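A.B. asks: Quick one: this structure, given as structure tokens, is what I'll be asking you about.
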């Protein structure tokens, strides 16, 4: 495990990965990454759910995977430092951290819909995981 990298899912979730999501296994998992900041309120999202596993797979996993795949495509030491700092900022000023994270995602070439979801200004809608093309990001 490293400080920064896509957070690992439990083995039962990994078994559900699409071919594209298996790309998340190409890097060492980490304690924080884009998705850790965006979905730090995962328990709130799933609170009151009658089927939390299903809702996780429809509301969180598709975006968590896309954010993780974007990280895999653009990872660098400077990006890791920024993500560590944003993780600390999110603990005290979540809205500001999410805005800054959106800017970072834009600068690194993340798709517009991923940037939008990262701001968490809208309610998450059920989305099915699908095979995503490898995202080519610009350097920081």
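Readers should treat all values here as calculations from the given coordinates under stated rules, not as data from a laboratory. Remember, predicted model here, so these are calculated numbers, not experimental data. Glycine gets a Cβ as well: all are built from the backbone with ideal geometry, and neighbour counts include every protein chain shown.
A.B. asks: Below 8 Å between Cα atoms, with a sequence gap of 6+, how large is the relative contact order for the chain in percent? Please report the intermediate quantities before stating the final value.
C.D. replies: On the way: 179 pairs, mean separation 43.7, N = 140.
Rounded, it is 31 percent for the chain.
A.B. asks: Something else now. Once label points are set 7 Å from the Cα along Cα→Cβ at both residue 47 and residue 116, what is their separation, rounded to one decimal in nm?
C.D. replies: Reported label-point gap for residue 47 and residue 116 is 2.7 nm.
A.B. asks: With the chain treated as a Gaussian network of Cα nodes joined by springs under 10 Å, which of 120, 28, 47 yields the largest mean-square fluctuation?
C.D. replies: Per the Cα network of the chain with a 10 Å cutoff, 47 tops the list.
A.B. asks: Still on this structure: Want the number for residue 124 to residue 77: 0.36 nm per residue separation, take away the alpha-carbon distance, what's left?
C.D. replies: Details: separation 47, 0.36 × 47 = 16.92 nm, distance 3.06 nm.
Gain on stretching residue 124 to residue 77: 13.9 nm.
A.B. asks: Given the options 59, 86, 124, state which has the largest fluctuation in a GNM of the chain using a 10 Å cut-off (strictly under) for Cα springs.
C.D. replies: So, out of 59, 86, 124, the one fluctuating most is 124.
A.B. asks: If you scale each eigenvalue of the Cα gyration tensor by 5 and take the root, what three semi-axes come out for segment 33-99, rounded to whole angstrom and sorted largest first?
C.D. replies: Details: eigenvalues 115, 51, 9 Å².
Those come to 24, 16, 7 Å.
A.B. asks: Further, regarding this structure: For a footprinting-style exposure proxy, rank 32, 12 by other Cβ within 10 Å, fewest first.
C.D. replies: On the way: 32 21, 12 8.
Ranking 32, 12 by Cβ neighbours within 10 Å, fewest first, gives 12, 32.
A.B. asks: In the chain, how does Rg compare with the Kirkwood Rh, expressed as the Rg/Rh ratio over alpha carbon atoms? Spell out each step's value before the answer.
C.D. replies: Working: Rg = 14.0 Å, Rh = 15.1 Å.
That ratio is 0.93, to two decimals.
A.B. asks: Which of 22, 123, 82 moves the most in a Gaussian network model of the chain with Cα springs under 10 Å?
C.D. replies: Highest fluctuation of the listed residues: 123.
A.B. asks: May I ask you to compute the full-extension gain from residue 10 to residue 92, defined as 0.36 nm times their residue separation minus their alpha-carbon distance, rounded to one decimal in nm? If you can, show how the numbers build up before the last one.
C.D. replies: On the way: separation 82, 0.36 × 82 = 29.52 nm, distance 2.83 nm.
Separation in residues times 0.36 nm, less the Cα-Cα distance, equals 26.7 nm.
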